[in-house]
1. Gain in length, B:THR292 to B:ASP266, computed as 0.36 nm per residue apart minus the alpha-carbon separation, to one decimal in nm?
2. Tell me the angle of helix B:20-37 to the major Cα principal axis of chain B, expressed in degrees between 0 and 90 and rounded to the nearest ten.
3. With every atom except the alpha carbons ignored, what do you get for Rg and Dmax of chain B, in angstroms?
4. Kindly provide the Kirkwood hydrodynamic radius of region A:194-310 in Å, to one decimal, from all pairs of distinct alpha carbon atoms.
5. Can you give the angle from 0 to 90° between the axis of helix B:238-248 and the longest principal axis of chain B, with both taken from C-alpha atoms, to the nearest 10?
6. State in Å² the accessible area per residue of region B:91-208; use a 1.4 Å probe, count heavy atoms of protein chains only, and round to the nearest integer.
7. Hey, what angle do you get for helix B:86-99 against the long axis of chain B, alpha-carbon based, 0 to 90 degrees rounded to 10?
8. On average, how many beta carbons from a partner chain sit within 10 Å of the beta carbon of a residue in A:39-51?
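The values are calculated or read from the model by the stated rules, or taken from the named source; none is laboratory data. Being a predicted model, the structure only gives us computed values, none of them experimental. Note that each Cβ is placed from the backbone with ideal geometry, even for glycine, and that neighbours are counted across all protein chains shown. Just so you know, the surface numbers come from the protein's heavy atoms only, side chains and all, with ligands and any DNA or RNA stripped out. Shrake-Rupley method; radii C 1.70, N 1.55, O 1.52, S 1.80 Å.
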Amino acid sequence: MRVGLSWDFDAAASGVSSFGLALGEAATAARLGYDSAWVRESRMGPASCPHPTLLLTALSRKDATVQLRSIREVVRANPVRLAEEIAVLDQFSRGRAGLVLASAGRQGRPPGQVHETADFVRSAWVEDEFRYRGNHVRFPAHTGDDAPSGTSTPEARGSAGGYAPQWEWGPAMPDYLTITPKPHNPRPPVYAEIDDDETLEWAATSGVSPFIAADVPTDEAVDRLVRYRKVADSAGRSRVEVEVVLERAIVAEADPGDDSALGGDATGIVATVRDLHAETGLGHLVWQRRGPGDGDLFRFAVDVYPLLQG
Amino acid sequence: MEFWTGGTGLARMRAMPSSLADGYDTFVDEAVTAEKLGFAAYGAPEHHFMYDGFIPFPLEALAAAAAATSKIRLVTGAMLLPLYDPLDAAEAAATLDVISGGRVKLGLGMGYRPMEFDGLGTAKKTRGTRLVEAIEVLRRATAEDTFDFEGKHYNYDGASLSPTPVQRPIEIWFCGGTSERAARRAGEAGVPYWLANSPYEATEAIVEEYRRAGREAGWPDERLRVAAFKDVFIGNQIAEAESLRQVMLDVFYEEHILGYGYLVDDDGQHVYNPPKDHPMYRRFVDSLFCGTAEMVVEELKRYEALGVEAVFLPSPQRQLIAEKIMPEFN
């Protein structure tokens, strides 16, 4: 079981203090053995973080161990830039970057746009010259309707080639382009929030890891993750290729107060998480920090984390 | 005069093979060194779809530099603004401004490589007007709590920026290449102008045109500020400096200046892969100043006398510049 931290910046009053707090907490968490830092794209307040990759890139230079996960929307993001940003983060962090695609419902977008963006980004990271034709994504922009659906690559030209290096292209706009840089890890992990049936089915059959956000009630989260597992099993997907992620607020030594948080003493929290693992295959618990000094990172690392491991 | 610089490592030059991850480490290490040496700003550029992995998002490279430094300003040079949604660019700039404690400067250019526009879905022919509009969007987004904007390419109604940047507004520079046309655009828009490598005489003409256009548009002189990107190569003799310049031409500039349409002829047309004796390429080579430290000081004093308030020196000879050149200013 891996354990990470995430931050809710929309509730913060000051970006300077909340970003600094998150960077400090993440560095402390890394020293204490936590596994990951997750930052969600947000635009709801003066301290929001519309570009989580920038914060994670800064964090990558303060710590050399934690996994860095950028939770991104597709509404505003150019998918080319999304692929580039994560690749650059992956290079700066030497292979610790990952992408979570926020749910279509939260963004008011059709699920297909999220799926297409994930498909495009994964192609961008591994393909050299390629083009993409989808309902929401066209790359390069002049790609016509006659191009095959999804990703396509140039046909082999044989030893005669016809190849010219890009500094000899002149003003020509080739049909295929290579998105660079490539990530350090050839295939950074991709996750999707599975809060609509279409996305749940797509993620489960496509090898995309499921992510459940902190505001989803735990019972509903379990239901979705169980369904995800069934669909994936039916599709013949291996369980080891994905990571099941659940984000929760944690209220230590008290009743959690809502049905989407975890709470109680250390023994209770451990029992709950272990049950969640047994029911859903949960592999990564993300502790959503709700404000400065929310919970004791050291105590959790000492009292809870070891008991989740075996 | 302020001295700005930029690091290496944000691409794998084909003549100097290296690991990109190692290069990124070098870029951050050089930011730390530049800060210690007293440079006022440290920069990162932008290009896309390059075989050498050229950094596509300068603010991200600068976020890494921000984490390792505390004082030096972080400047994009140039961020290719027509390739962004301007409010998205403003959000990214504001995010880095918060992360860095208010150290961001934005050098904003229009871009010129055709594949970048096609790849990112912007019509290249609109880049000039897009840049001017988008700069105004960035200025207002970073200065005002809410704003409306109605342009040919961009429209915002009651827009606001989150996070709120530390600097209100974030400092903006119009990176205008080497043409008088671009200088007129920047002057008419009343945006501080950062011109690319040009011989002194051309710089003088461009700065004059910029100020004339700005004054005609009614902008006060204090708004018509000028910076210059200026390669300098320092040797004990001129021949030594010229040999350093030749290395830079061989490993980087020859490809990047000749190959992708950077050069523009007198008719405003981009020139691709001209012979090395093409007058525009010769003009570029001549703009890369070679000399002893004393000669470089003398040359930069001429720029200072023109009212150039900052020079961006991308030179790896930073230590030498800090020791021999910078003390002669301010």
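1. Details: separation 26, 0.36 × 26 = 9.36 nm, distance 3.27 nm.
Contour length minus Cα-Cα distance gives 6.1 nm.
2. Roughly 90 degrees between the two axes.
3. Final numbers for Rg and Dmax: 18.9, 60 Å.
4. Numbers: mean 1/r = 0.0677 Å⁻¹.
The answer is 14.8 Å.
5. 50 degrees
6. Details: 3920 Å² over 118 residues.
Spelled out: the 1.4 Å probe surface of region B:91-208, per residue, equals 33 Å².
7. 70 degrees
8. Across the residues of A:39-51, the mean count of other-chain Cβ atoms within 10 Å is 5.
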